[in-house]
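Only one structure is covered here, and it is reproduced in the block below.
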Amino acid sequence: MNALRTISFMLAALLLAACSRPLLPPAERPVPTRQDQGDADLMGRLRMNWQLLQHKDTPEAERAVALRDYNADLLLLLRRLRHDTAVNKHSLIPRYFRLRHLLGASSLRLDSVYDDMVPSAEVPLDALKERYTVYGLGVPMVGVIPAEKVTHSQQKLFNIGTRGTVTSITAILEFSDDGQAELVLVPRQRENTYKAGKVEYLLAADWSATLEVYWNLTRVNDDRMLGLLRPQELRSTTGLSTIEPYDPDKIPVILTHGLASSANTFDNLVNRLMADPVVRENFQFWYFNYPTGVAWTISAKAYREALANVRNQVDPSHSNRNWDNMVVVGHSMGGLITHYSQCEQPWNLLRGGQLPEAALRQYLTPEYVDKPFPDPALEPLRKDYFFKPVQAGLVVYMATPHRGAPIAQYRLVTLLTKLVTLPQNLIKEAYNIATLQSDMLLLNPQDAYLWFTSVNQLKPDSYSIQGLQGLKVRDVPTHSVIGDRGEDDCPKCSDGVVPYWSSHIAWGTETIVPYDHSVQDGMETAVDMQKVLDAYAQKHPAVTASGGRKPRIRIRCTGPVSHRGSAVKK
């Protein structure tokens, strides 16, 4: 009872902490105020510095000062516009200049896309440990797109399957020869440079601010315990999403989290990887979010269905080679979902005692992947055990308990399992399958329920873990990241949750990092993953959606915010 009360207090504390945190930075009054520097003076300074920036004969020292002052004045102007919009409740359409959005849809009004545009400089980092930026022309912004606008008629420009999304924008105020001002909003993930007159500049960027706002906006992290104990309440957030608007010219990297976790468990990993220009150029990160209270074999079904549905939506002809080169990454129980979905004969998982009657074993053949069973009572088995493996080009496991986690047998963890309330549809499915197994149903019908809870399927002696050992996986490049808490005694080491003997597999490469079970949060893992993805991109570079090779982009000047290298693209 005390343990139950403790867990309840923890869940309440998590929910209260979430409610106290603002979704977005407030639109506070900018400093200096308009009494210190009026809008007309600000526009005059911007016009003067723009003229200096667009001429090739401007001395480099003068150009550097002009760029610094231009960016600072533009940031102040944008802060004022955001403040005015919040106070007066007007749309984001500026009153001082024309607007041009480079989303490839010139007819879109700004307020039909964004609910807010937040200067990246105003976004404090909470979840992320470092800030990664590119110094260059313009002001980095975070455009906030709520769920109701994600389903815009131009939906392929935006996110898929989420409660809201964001996009990295670089704002530039340019002036024509007659002095007319135009605010240009450039999607930073699609463009690296911008021409001011005859001079080409690197575009400024702040990758970390976009990630921070996204995770705060979606608040999936606040649902991590709810997803374990009350999975039926998170069905609306189950599925795939990508932070930036979908880019068909990049290779999808599918990240799947583990038990009592959520998609933003990868926030620091993605933040660090986005600092690498090769990764940014070739890959787009996708997240599979799911309630973790249900068995990983069940979540694997939702995973495969989500992948198939998204590809059918964005690549209906299945002609985009970037999807064929997809990278799948799974942490902890997410690694088991990934592993199982790579198996070539998944129906053989049922040989681990789930179908003891010899008469039923005749159906454990590949023909029933597409063919109906003679006995309709067997149909509940189809989507969980009879499927074609996910076609990925690279598989990465992180702290994955391929042979189970002994911690799942601990008494407190067993108590936690009893607190899980499964969705009614899964309870029905459990007992439908149980009717196929008369001995188990008669001896202990509760076991049928327990099959569908995640913790029970993590035990080393569970039927799913035991059955997984005998399944053949696709022959595909595979890499494992394994944690060692510091004893440095592998192969006897452990990450504190999963021992090496469970996370090690006989195929592929592996890296052991000095970190606990949350290996995805370690800097060593980010360095390792950067090398893995860079090497993969060398062999399988991203291509255009039409099938041609993408032009290589040479990027200079990436690094921390204090970096002050040249912003001019030579």
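The values are calculated or read from the model by the stated rules, or taken from the named source; none is laboratory data. Keep in mind the model is a prediction, meaning the values are calculated, not measured. Ideal geometry is used to build each Cβ from the backbone, glycine not excepted, and the neighbour counts take in all protein chains shown.
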Legend entry - Of residues in the range 221-260 being small (Gly, Ala, Ser) and at pLDDT 75 or above, the one farthest from residue 285 (Cα to Cα): 258
Legend entry - Complete set of residues in the range 325-340 that are outside any helix (DSSP H, G or I), in contact with a strand residue (DSSP E or B) (Cβ under 6 Å, 6 or more places away or on another chain) and polar (S, T, N, Q): 325
Legend entry - Answer residue from the range 352-379, given it is at pLDDT below 60 and not hydrophobic (A, V, I, L, M, F, W, C) and is farthest from the chain's Cα centre (by Cα) among those: 357
Inset, instruction - Inspect the range 475-491 for any residue being aliphatic (A, V, I, L, M) and either modelled with pLDDT under 95 or in a helix (DSSP H, G or I) (or both) and give the result as yes or no. - result: no
Legend entry - One residue from 321, 311 being surrounded by 15 or more Cβ atoms within 10 Å (Cβ to Cβ), without any contact (Cβ under 8 Å) to a residue 60 or more places away in the chain, farther than 18 Å from residue 467 by Cβ and assigned by TED's automatic domain parsing to the domain that holds residue 474: 311
Inset, instruction - Return yes or no: is residue 73 more than 20 Å from residue 119 (Cα to Cα) and part of a helix (DSSP H, G or I)? - result: no
Legend entry - Search result, residues across the range 117-146 that are in a helix (DSSP H, G or I) and surrounded by 23 or more Cβ atoms within 10 Å (Cβ to Cβ): 120
Inset, instruction - Among what's in the range 193-220 and is crowded, with 19+ Cβ neighbours inside 10 Å and modelled with pLDDT under 90, pick the residue that is nearest to residue 261 (Cα to Cα). - result: 220
Inset, instruction - Working carefully through the options 309, 322, find the one that is assigned to a helix (DSSP H, G or I), polar (S, T, N, Q), under 18 Å from the mean Cα position of the chain (by Cα) and over 26 Å from residue 259 (Cα atoms). - result: 322
Inset, instruction - Among the residues of the range 261-300, write down those that are at pLDDT below 90 and among the hydrophobic types (A, V, I, L, M, F, W, C). - result: 263, 294, 295, 296, 298
Inset, instruction - Filter the range 256-298 for residues that are small (Gly, Ala, Ser) and either in contact (Cβ under 8 Å) with a residue 60 or more places away in the chain or surrounded by 23 or more Cβ atoms within 10 Å (Cβ to Cβ) (or both) and give the result. - result: 258, 261, 262, 263, 275, 293, 295
